[in-house]
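*Asks:* Below is one structure. I have some questions about it.
The values are calculated or read from the model by the stated rules, or taken from the named source; none is laboratory data. Quantities reported herein were computed from a predicted structural model and do not represent experimental measurements. Cβ: placed from backbone, ideal geometry, glycine included. Neighbour counts: every protein chain shown.
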Amino acid sequence: MIIDSHAHFIPPSLLAAIEDRASEFASLSLAHDDTGSFGFSFAGGKPTRPASKMLSDTKGRIDWMDANKIDLQVIGGWL
């Protein structure tokens, strides 16, 4: 069994909540680029480095894991 012991994940529901309830997250903004990557800005500061779409793409992640023969991932948050 192959286990990736260092993986990150951002739930799509978190990204949706940030966008759908933007007024509740006044000091946080989310920007997407044309590749599907995204970044965060806090309190009008510089955006974080772009986060890969795979950080929130569950199907894409599973397909990638299958292609690389990875059985499980130990997942932590990202930021």
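*Asks:* Note down all Cβ pairs under 8 Å where the first residue falls in the range 35-55 and is farther than 13 Å from LEU15 by Cα, the second is surrounded by fewer than 15 Cβ atoms within 10 Å (Cβ to Cβ) and of a type in the set (Asp, Glu), and they're at least six residues apart or on different chains.
*Replies:* Qualifying pairs under 8 Å: PRO50/ASP33.
*Asks:* Considering only the range 1-33, state which residues are among the acidic types (Asp, Glu) and either under 28 Å from LYS69 (Cβ atoms) or at pLDDT below 85 (or both).
*Replies:* Scanning the range 1-33 gives ASP4, ASP33.
*Asks:* While we're looking at this one, here's another question. Name the single residue that is modelled with the lowest pLDDT among those in the range 45-71 being within 15 Å of the chain's Cα centre (by Cα), among the hydrophobic types (A, V, I, L, M, F, W, C) and surrounded by 14 or more Cβ atoms within 10 Å (Cβ to Cβ).
*Replies:* Of everything passing the filter in the range 45-71, ALA51 is modelled with the lowest pLDDT.
*Asks:* I'd like to know if the range 13-24 contains one or more residues that are in a strand (DSSP E or B) and either surrounded by 14 or more Cβ atoms within 10 Å (Cβ to Cβ) or under 15 Å from the mean Cα position of the chain (by Cα) (or both).
*Replies:* No, there is no match, as no residue in the range 13-24 is in a strand (DSSP E or B) and either surrounded by 14 or more Cβ atoms within 10 Å (Cβ to Cβ) or under 15 Å from the mean Cα position of the chain (by Cα) (or both).
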